[in-house]
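The values are calculated or read from the model by the stated rules, or taken from the named source; none is laboratory data. All of these numbers come straight from a predicted model, not from anything done at the bench. Cβ placement follows ideal geometry from the backbone for every residue including glycine, while neighbour counts extend to all protein chains displayed.
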Amino acid sequence: MKPRRFYAPSPRAATNPPAARTTSATTQISTLMTLEPATAVADFQPSEAVQRIQRTSLRVQQPQCKGDLVSLAMGEPDFDTPAQVRAAAARALEDGFGGVASPGDVLITQGGTAGLSAAILGVVNPGDKVVIPDPTCSLYADLVSMAGGITVPVPLADDLHWDLEALATALEGAKMFVFCNPSNPTGIVHSRRELEALADMVAGTDTLILSDEAYSDLVYTPEPFTSALEIEALAGRTIYCQTFSKSYAMTGWRVGYLWGPSDVIASAARVHNTFNGSMNQAVQYAALTALKTCGPDIERMHASYALRRELMASGLQQIPGLTVSSPEGAFYLFPKYDVELPAAAMVAHLRNHGVAVRPGSEFGRNGEYHLRLSYAASSAAITAGVERLAAGLAELR
Ligand SMILES: Cc1ncc(COP(=O)(O)O)c(C=O)c1O
């Protein structure tokens, strides 16, 4: 049997954290890991939990980019991580810092993904009902499935905000409601009024709220963003999930946190400790520096996203047969098209026209006949991508 080969970062890499989009490191790791032979254990079967996900997951793997392809499919910033954040990580590594993080109502997690995983696996039992909007971030349904829970997707209203009546009905007897605000994939920002309506729906029940606010710094509505944490009537039942991936362009650093009732956080911490272990301290220092110093960086990136959002929205609005969603937040637009072709097939067709986007159906059945476009891309890529999308759609109409 060939020895397995694992990627270990060189000491040089440790003192010079990557300047650019750090997910490339993750790709590198998976490329360098050789996992053969896959069949060393006879008749190996993935666990029931994994098989449940395989049976039910809507997430699709995009093929490798080949040839002349403009990608508007990525859900991560295309900015460099701010320099002072990289420097803080390098300093912490050089100093060999060894302090102790204080426990409490906050759990530092390996990105938002690990925070969401810990929160859901720490709360949901087999058979528990978990309500999610449809469409929403596809990770939620997979995690509920892994926990053995039952996902109840609630179709959104036509304007992609919550259908409050449908949500109230679905929430009856629910263990948890999971949502993101601003929303991936719709780019909608749920207002204070919507959150207050949610608080009324769950008042007096045992339903927990998992509010994933990964994009809370990327809001373009005239009224300021309202976090679920600001809704007094949701206090005591809200688990807040945050990540440094989006606001601080730190996707590859894998850092985020949960904040919520201490007993729920303790349960999530047990999951996180078991799955992930504790966080790399250099990264924690970098994250602390990001929190303390990156206000101007967030403003700079926000201003740039705002221009790209305008560029993409106005380009899409010119395309016959597309209904363009309100670009309220995050860095996504979620247009609906009027051709009778399922979204996965439409995405494949558009790739042949040189533009990569994601199928709306990946985010829930109600996302069918929609496309998710990311404007975390250069202006040139947005302009070219929108033109190619227009050409691809025109061919089918
Ligand atoms: C809504 C939402 N939550 C959480 C995440 C996870 O982010 P990360 O694991 O990089 O922190 C993403 C990533 O795209 C997302 O869109």
Check: If you scan the stretch 123-167, which residues turn out to be of a type in the set (A, V, I, L, M, F, W, C) and in a helix (DSSP H, G or I)?
Finding: Val123, Leu139, Ala141, Leu143, Val144, Met146, Ala147, Leu164, Ala166, Leu167
Notebook entry, point to check: Considering only the stretch 345-368, how many residues are touching a residue at least 24 places away in the same chain (Cβ under 8 Å) and surrounded by fewer than 20 Cβ atoms within 10 Å (Cβ to Cβ)?
Noted result: 7
Check: Restricting attention to the stretch 185-216, which residues are in contact with a His (Cβ under 9 Å, 6 or more places away or on another chain) and either away from the ligand (no atom under 13 Å from the Cβ) or not in a loop (DSSP other than H, G, I, E, B) (or both)?
Finding: Ser191, Glu194, Leu198
Next item on the list: May I ask you to list pairs of residues, at least six apart or on different chains, whose Cβ atoms are under 6 Å apart, with the first in the stretch 217-246 being without any contact (Cβ under 8 Å) to a residue 12 or more places away in the chain and closer than 20 Å to Gly295 by Cβ and the second being of a type in the set (A, V, I, L, M, F, W, C) and within 14 Å of the ligand (Cβ to nearest atom)?
Entry: none
Check: Of all residues in the stretch 132-147, how many are out of contact with any strand residue (DSSP E or B) (no Cβ under 7 Å at 6 or more places or on another chain) and within 13 Å of the ligand (Cβ to nearest atom)?
Finding: 5
Next item on the list: Considering only residues that are hydroxyl-bearing (Ser, Thr, Tyr) and touching a Pro at 6+ places or on another chain (Cβ under 9 Å), look in the stretch 104-139 and name the one that is surrounded by the most Cβ atoms within 10 Å (Cβ to Cβ).
Entry: Thr136
Check: For the stretch 236-246, does any single residue satisfy the condition of being more than 23 Å from Gly75 (Cβ to Cβ), crowded, with 19+ Cβ neighbours inside 10 Å and either out of contact with any helix residue (DSSP H, G or I) (no Cβ under 8 Å at 6 or more places or on another chain) or assigned by TED's automatic domain parsing to the domain that holds Gly122 (or both)?
Finding: yes
